[in-house]
Each structure stands twice: as structure tokens, then as C-alpha cells.
Amino acid sequence: MPREHPENTLPGFAQALEAGVQGIELDVHATRDGVVVVHHDPVVAAPETREAHAAPSPLRIDQLSFDELRRLDGARGIPPLAQVLSLVDGRARVYVEVKATGIEDRVIDLVEPRADWCAIHSFDHRIVAAIRRAAPVVRCGVLMSSYLVHPLAPLRDTGALDLWQHWSMIDEPLVGAVQAEGGRVIAWTVNDVAVAATLRSWGVDGICTDTARDLVPLVRH
């Protein structure tokens with residue numbers, strides 16, 4: 001519920017569950033000491049300095065230990081993925097977007113035991129292919145923001161089953177083609193009820209939104 005709470009935070013996830021969502025999508029990176037944390041960007045704000053003329057440069061999550069990250073004022077709301085999974089505990093599916101290379105094994109360690117209600121996806125299709133090879137039981141998806149000439153190629157190349165496509169690049173033939181191969185189409189990020197209704201009429205399998213309270217009744221209908 002990023003319009004009511006900061007995205008990728010425990011209060012936001014808790015409120016989404018209360019709203020009756022069927023799934024939660026989140027982003028992960030890993031700290032220098034290997035803790036997988038839930039945060040959209042690879043950086044966090046650095047502490048302010050007393051030098052007014054010098055704005056501090058953001059700090060990379062992968063260059064901070066978990067303790068160092070948590071000591072930053074602006075990072076205290078960043079939860080470990082393990083904590084979020086404990087909060088959800090199967091009440092909704094959790095879709096984990098991996099945003100950094102080299103952390104696949106750590107993410108698998110957390111997701112694989114919960115493969116019946118967790119899945120992984122990424123814009124970096126090499127990550128998806130690597131996870132499918134290492135953990136075939138984990139459902140995977142590829143993120144897309146363009147309409148390819150051969151839209152099924154990323155699914156076939158990676159072994160993924162879910163096509164996460166930007167809503168503006170979805171049409172009914174795409175949905176049919178993916179589903180004919182046993183896959184699913186998940187639209188992101190849809191915040192307009194009318195757009196969501198059209199996508200539903202085409203048979204999309206999931207809708208990712210920032211406005212769950214508005215769209216849950218439509219999806220549940």
C-alpha cells in the first residue's frame with residue numbers, strides 16, 4: 001500500500017494483507033554480510049553532514065553491513081526479507097523481485113522452503129535462468145516493459161512461467177499466447193479501475209497495483 005505507507009515496509013505489507021490482497025510484490029538487495037533486505041533502490045540516503053554546500057552521496061546497500069544499514073536514520077524501516085516472509089506466512093503469495101546479481105543463492109535459501117506461496121522474478125533474465133537451474137521448484141517470472149516480436153522467447157529461454165508485463169504493453173493476443181504455453185500474464189503497475197477491468201476482460205492472471213483497496217473488489221468479483 002505505497003500510497004498510504006512507504007513501499008517495501010512492514011506497515012505497508014500488513015495493511016495490504018488487511019485489505020485482502022492475494023499477492024504481495026517486493027524488491028530485494030543484499031547487504032555486505034549477506035542479509036537479504038527489502039528495498040526498491042540499491043542505495044539509501046547517507047547521514048546529513050554539517051557542510052551545507054556538500055550533499056552526502058547515497059550509500060550502496062551492498063557495501064554496508066546489516067548493522068550499519070539499520071543504524072542509518074533513513075534505513076530503519078528497511079526490513080529483512082525473512083521478517084516479511086514471517087509476517088505474510090502464507091496468507092498471500094509473495095513475489096520477490098531480485099534487483100542485484102550475485103544474491104541468487106541467498107534469496108533461494110529463503111524462498112525455496114516456501115515455494116508453495118513464494119515466487120521470484122527479475123528484469124535481469126540471467127538471474128531468472130540461474131534460479132530456475134538451481135531451484136526448479138521455485139516459480140519464476142520475467143519482467144518486461146516492451147512488447148517483443150517474439151514475446152514467448154523470454155519464458156522459453158529462462159524456464160519462467162510468469163510474464164510480468166507493463167500494463168500498457170498487454171493485449172488480448174499476448175495473454176492468449178502466454179496462457180497457451182502454460183504461463184501467466186501479470187500486469188504492472190495498474191492504478192486505474194477501468195484499465196484493470198479491461199485487463200481482466202482479456203483474462204490476465206494477476207494485476208500489480210499501488211491502490212489495492214480500489215482494485216481488490218474488482219479482482220474478487
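The values are calculated or read from the model by the stated rules, or taken from the named source; none is laboratory data. None of the values given here were measured: they were computed from a predicted structure. Reconstructed Cβ throughout: ideal geometry from the backbone, glycine too, with neighbour counts over all protein chains shown. These accessible areas exclude ligands, DNA and RNA; they are computed on the full protein's heavy atoms, side chains included. Shrake-Rupley method; radii C 1.70, N 1.55, O 1.52, S 1.80 Å.
Things to note:
- Cβ-based net charge around VAL88, under 14 Å, with every Lys or Arg adding one and every Asp or Glu removing one: -1
- Amide hydrogen proximity for CYS118: with H placed 1.01 Å from N in the peptide plane, the residues at 5 or more positions away or on another chain lying under 5 Å are VAL94.
- Portion, in percent, of the accessible area of segment 68-159 that falls on carbon or sulfur, probe 1.4 Å: 48 percent
- Only helical runs count toward this figure. For the chain, summing -39,500 (n - 2.57) over DSSP H runs of n ≥ 4 and dividing by all residues gives -9500 deg cm²/dmol at 222 nm.
- Solvent exposure of ARG184, expressed as accessible area, is near 60 Å², computed with a probe of 1.4 Å over the protein chains only.
- With a 1.4 Å probe rolled over the protein heavy atoms of all chains, the accessible area of MET144, MET169 falls in the order MET169, MET144, largest first.
- Probing with 1.4 Å while keeping every protein chain in the model, the per residue accessible area of segment 1-137 equals 52 Å².
- Residue-count net charge about LEU199 - beta-carbon cut-off 13 Å; Lys, Arg +1, Asp, Glu -1: -2
- Here each label is just a point 7 Å from Cα along the line to Cβ, and for SER65 and GLU172 those points are 5.9 nm apart.
- Taking every protein chain into account, the accessible area of segment 160-210 amounts to 42 square angstrom per residue (probe 1.4 Å).
- Rounded Å value of the spacing that divides the Cα centres of segment 86-160 and segment 198-218: 21 Å
- Rg then Dmax, both in Å and based on the Cα atoms of the chain: 18.1, 60.
- Taking 0.36 nm per residue of separation and subtracting the Cα-Cα distance, full extension of the segment from ALA115 to HIS150 would add 9.7 nm.
- Charge tally around VAL137: other residues with Cβ under 11 Å, Lys/Arg +1 each, Asp/Glu -1 each, net +1.
- Kirkwood radius for segment 120-221, taken over all pairs of different Cα atoms as the inverse mean of 1/r, rounds to 13.8 Å.
- When ASP171, ASP214 are compared by accessible surface with a 1.4 Å probe, the order from highest to lowest is ASP214, ASP171.
- Kirkwood hydrodynamic radius over Cα pairs of segment 170-221, then Stokes diffusion coefficient at 25 °C and 0.890 mPa s, in µm²/s: 221 µm²/s
- Spin-label model distance (nm) - ASP89 vs GLU18, 7 Å beyond Cα toward Cβ: 1.7 nm
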